[in-house]
Amino acid sequence: AKDLISLYAKRKAAPGFAFPPDDYLQAELESSFMYQDTPDQALATQDAKRDMEQAHPMDRLVCGDVGFGKTEVA
């Protein structure tokens, strides 16, 4: 547990790249997708985007059973 706490503290303090919020081009790309996201996919996408807008390394894992839309979220 001590090693994990140390690791997470270092990751939180490390500089990272903060992506800008989505613009109209991202919205246009997403609206061109053939399928509608499920509520869980939309939430996972929203959470990942929020993480990517932070200025520290992202720490999120998207997981699930085969056929449940992980690729669409990615």
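The values are calculated or read from the model by the stated rules, or taken from the named source; none is laboratory data. Since this is a predicted model, take the numbers as computed values, not measurements. Please note: Cβ atoms are built from the backbone with ideal geometry, for glycine as well, and neighbour counts cover all protein chains shown. Accessible surface areas use protein heavy atoms only, side chains included; no ligands, DNA or RNA. Shrake-Rupley method; radii C 1.70, N 1.55, O 1.52, S 1.80 Å.
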Hey, can you tell me all the residues within segment 39-48 that are open to solvent by 50 Å² or more (accessible area, probe 1.4 Å) and closer than 14 Å to Ala74 by Cα? Asp40, Leu43, Gln46
Test set (1) open to solvent by 100 Å² or more (accessible area, probe 1.4 Å); (2) out of contact with any Phe, Trp or Tyr (no Cβ under 9 Å at 6 or more places or on another chain) - Leu25 fails condition number: (1)
With the first residue restricted to segment 50-74 and required to be among the hydrophobic types (A, V, I, L, M, F, W, C), and the second required to be part of a loop (DSSP other than H, G, I, E, B) and exposed (fewer than 12 other Cβ atoms within 10 Å of the Cβ), Cβ contacts under 6 Å at 6 or more apart or on different chains are Ala55/Ala18
